[in-house]
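The values are calculated or read from the model by the stated rules, or taken from the named source; none is laboratory data. All of these numbers come straight from a predicted model, not from anything done at the bench. Positions of Cβ are generated from backbone atoms using ideal geometry, with glycine treated the same way; all protein chains shown enter the neighbour counts.
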Amino acid sequence: MTLELPQEKRVKIREMIDILLKMERVKVKVIAKCIGVLVAACPAVAYGWLYYKHLELIKRNALRSNFKRMDKWITLSLEAKEELKWWQSQILIAKNKIRSSNFDLEIFSNASTTGWGAICGNKKANGFWNREEREIHINFLEIKAAFLALKCFAAHSLNKQILLRIDNITALAYINKMGGIKHKELHALTKVIWEWCIEREIWIFAEYIASKENIADEGSRITNVDTEWELANFAFQKIVKEFGYPSIDLFASRVNHKCKRYCSWDRDPDAQETNAPTGLGPYPGGRSVIRQSFKKKNLEETTIDIMTSSITESTTKQYNTSLQYWWNFCKDKEQDPYYAEEDIVINCLTKKFNEGAAYGTLNTLRSAISLINQHDNSNSSLINRFFKGVYKLRPTAPKYCSTWNVDDVLDMLETWSPLESLNLQNLTLKLVMLLALGSAFRVQSLALIKLNNIKKLPSGIEIRILDLIKTSKPGAAQPYAFFPFFTERTSLCIARTLLYYMQATKDIRGDTQELFISFKRPYKKICSQSISRWLKTVMREAGISEEFTAHSTRHASTSKAVNQGLDISIIKNAATWSEKSKVFSKFYNRPIKGNERNFAETVFS
C-alpha cells in the first residue's frame, strides 16, 4: 500500500517550485512557506525528507544575520536549487510506501577511534580507519561505520527494508531524519548513504542499542596491526615508473589499497572481490545483479547509470526470471554467476532444456547470462551448436497458424452508433479497437498517444508517438499514423471517433495529456495492461477465440491489408518495420479464417 498526494496538490507544488527556480532572489518568508509545503508533502514522497535541508539552512542563516526578519531578500544557493530541481522532477509521480516493522536485514555496526565493526546474522566485517579518519569526530565515524556495514551486507540487495542497530544517538538521528543542518559534514555523509539506498530502492531505519549489547563493538576494537601491512608509497611509485600502473591490487583492504580496483582477504565494503567464504546469498533482483555486473567492469557509478538506462523496465522484467534461475544454479554449483566459463553456461542451459523449456525460453536465458557474464560467450561455437541441437529436437512454431477476421469485429463496432448514444466505456472500447486495427500500433504505443501529438488536418487526423518505445533506436522511425475522414462506413471513421472522444473527455481528464483515461472515476491515465484488457473485451464480445491476445490485432490488421493487395512497404511503414525486415513474412502474415491506398482505409474496407 502507498500514500499519494492528490493531483491538484502535486500541480500546485510543481507550480510553486517552477516560480522559485525562475527567481534570482526570494524573500525569507517565501522560502519558509516553501519548506512548510514540502515537509507537509514528505509522508507521501519517498525520500523527500532528504531534499529540503539546504533550503532550511539558508533560511536559518538568513534569519540569524537579519535579526529574524522574514522580509529580507536572499539568493538561493546551488545546493538549494538542486533540491528544488529534485522536487520539480519527482512531485508529479512521487508516492511512498506504507512501511511495516518487518525488516529484511538487521545490521549491527559500531565505531571506535581505531576502527569499525559490523555484524549481520552470522556474517562479520571489520576494518581500521586510515590516518585522516582517525582524526575525525566519533559521531562522523559512527555514521561512516553504518555505511560501511551496509556496503558489506546489502550491496546486492534491492527493494529491501533494513534495520540498523547503532549505539550513537547523533548517528541515529541523522540517519532517521535523512540529515540535518547543524553539522554540514554529518549531513553530507548521511546524504551519500541515502542516495546509495535510493539507487537500490532500500529503506533504512536506525534503532538505538546500548553499547554493552552491541555485538559489533568487538570488531571495532581489533588492534592487530599485522593485518595492515602495505608497500611504502615511494616504493610503489618506483614500481609504477618501471613497469606501469597495475590494473588491480591483490590482496589489499579499504585503507591500504594502491589501485582503485582491489581484492581483499576478508569482507570489505569497497573490494571488487573478496576471499571471504561467503557463498552466494539470496537472489538480489535483476536490476541489482545487472548493476553489479557493470561495476565489475570497473565502471564509474555515473557510467553505470547511463548503461542501465539502456535496459528498459520490460526487458529487466523479462530477464528477471532467467537471472534468478542462473543465480540459483550457480549457488547450487558453487560457481560465480559473474565469471562463468562456457561449460557452466551450457550445463545450465541443458538443465533448463531437460525441464521442458522451449527454444525461446532458452534463448532468453542465454541473453540474460551474457548480459552479466564477464566472459564473452556470445560467439561460442559450443553454445551455438547446442542451440542448433535444441531447434532440431524441439522446433519452434509460430504462435498463430492463422488469425482472426477483422470484419467480425468491425461489423460489431459498426452497430455501436451513433457515437452520441454510447456511454464512456463503450466509446473508449470502440476507439481503442479502431486505433489498434487502423494503425497496427503496439499496445505500448497506444498507451503513449498524447493530446499534443494529435494534429487535425483538413483531410484527417495525424498521430505521432515521440516517446521511446520497445523498437526505438538511433535512426529508426517512430510510430506514425494518418487517419482520413471516411466517406464510406462513416460509423467506423477513426478520425471522427477520436475527435468525439477528445471532446467527451475534455472536462474530466484534468491535466492528463495521455489520450486514453479510465472510464471510471477518478478518470486517470491508464497503462498498457488496461489497453490490452480493453482490446480483449471487444474481441470476446465479437466472438473472437480466446487463444488470441491483444497483440494479435497487429496480425489481423496487417494480414488483411496484404490480402487486400496493399503495397507491402506501406504495411511495413504502418507497423514500424524496416524495409529489410522479415518480421512480417515470418511472424505476422497469416491466412484469415473464414493500386496504393491508406493502411486504415484498406483494413476497414
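Residues in the range 404-461 that are among the charged types (D, E, K, R) and within 14 Å of TYR480 (Cβ to Cβ) were compared, and the one that is surrounded by the most Cβ atoms within 10 Å (Cβ to Cβ) is ARG442. Of all residues in the range 466-489, those that are more than 17 Å from LEU434 (Cα to Cα) and modelled with pLDDT of 80 or more total 3.
Within the range 298-347, the only residue that satisfies the criterion of being within 16 Å of the chain's Cα centre (by Cα), surrounded by fewer than 14 Cβ atoms within 10 Å (Cβ to Cβ) and either farther than 24 Å from CYS197 by Cβ or assigned by the TED database to the domain that holds TRP196 (or both) is SER314.
Taken over the range 478-498, residues that are more than 34 Å from the chain's Cα centre (by Cα) and of a type in the set (Gly, Ala, Ser) amount to 2. For first residues located in the range 29-52 and on the phi > 0 side of the Ramachandran plot, partners that are surrounded by fewer than 16 Cβ atoms within 10 Å (Cβ to Cβ) and not in a helix (DSSP H, G or I) and lie 6+ apart or on another chain with Cβ distances below 7 Å do not occur.
Filter the range 517-537 down to residues that are farther than 12 Å from ALA436 by Cα and hydroxyl-bearing (Ser, Thr, Tyr) and give me whichever is nearest to the chain's Cα centre (by Cα). Across the range 517-537, the extreme among qualifying residues is SER528.
Here is a yes/no grid of residues against (1) at pLDDT 90 or above; (2) part of a loop (DSSP other than H, G, I, E, B); (3) within 27 Å of PRO418 (Cβ to Cβ); (4) of a type in the set (Gly, Ala, Ser):
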{"position": "SER491", "(1), (2), (3), (4)": "yes, no, yes, yes"}
{"position": "ASP511", "(1), (2), (3), (4)": "no, yes, no, no"}
{"position": "PHE519", "(1), (2), (3), (4)": "yes, yes, yes, no"}
{"position": "TYR523", "(1), (2), (3), (4)": "no, yes, yes, no"}
{"position": "GLN529", "(1), (2), (3), (4)": "yes, no, no, no"}
{"position": "GLU546", "(1), (2), (3), (4)": "no, yes, no, no"}
{"position": "ARG554", "(1), (2), (3), (4)": "no, no, no, no"}
{"position": "LYS560", "(1), (2), (3), (4)": "no, no, yes, no"}
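Of all residues in the range 538-563, those that are under 19 Å from PRO479 (Cα atoms) and either of a type in the set (Phe, Trp, Tyr) or within 29 Å of the chain's Cα centre (by Cα) (or both) total 5.
Having 2 or more residues that are over 30 Å from TYR501 (Cβ atoms) and within 33 Å of the chain's Cα centre (by Cα) is the bar; report the helices (runs of 4 or more DSSP H) wholly within the range 357-428 that clear it. Working first, answer last.
Working: elements: 359-372, 381-393, 406-414.
Counting at least 2 such residues, we get 359-372, 381-393.
In the range 167-209, of all residues being assigned to a helix (DSSP H, G or I) and basic (Lys, Arg), the one that is nearest to SER100 (Cα to Cα) corresponds to LYS191. Out of the residues in the range 175-223 meeting the condition of being of a type in the set (Ser, Thr, Tyr) and within 35 Å of the chain's Cα centre (by Cα), tell me which one is surrounded by the most Cβ atoms within 10 Å (Cβ to Cβ). Going through the qualifying residues, I end up with THR190.
Select, from ALA440, ALA447, the only residue that is in the same structural domain as SER518 (by the TED database) and at positive phi. Lay out the reasoning, then the answer.
Numbers: ALA447 fails: at positive phi.
None of the other options fit; the residue is ALA440.
At pLDDT 90 or above, in a helix (DSSP H, G or I) and under 30 Å from LEU141 (Cα atoms) - does that describe any residue in the range 19-33? Looking through the range 19-33, none of the residues is at pLDDT 90 or above, in a helix (DSSP H, G or I) and under 30 Å from LEU141 (Cα atoms).
Filtering LYS72, LYS68, LYS85, LYS59 for residues that are outside the structural domain of ILE209 (by the TED database) and within 28 Å of the chain's Cα centre (by Cα) leaves a single hit, LYS85.
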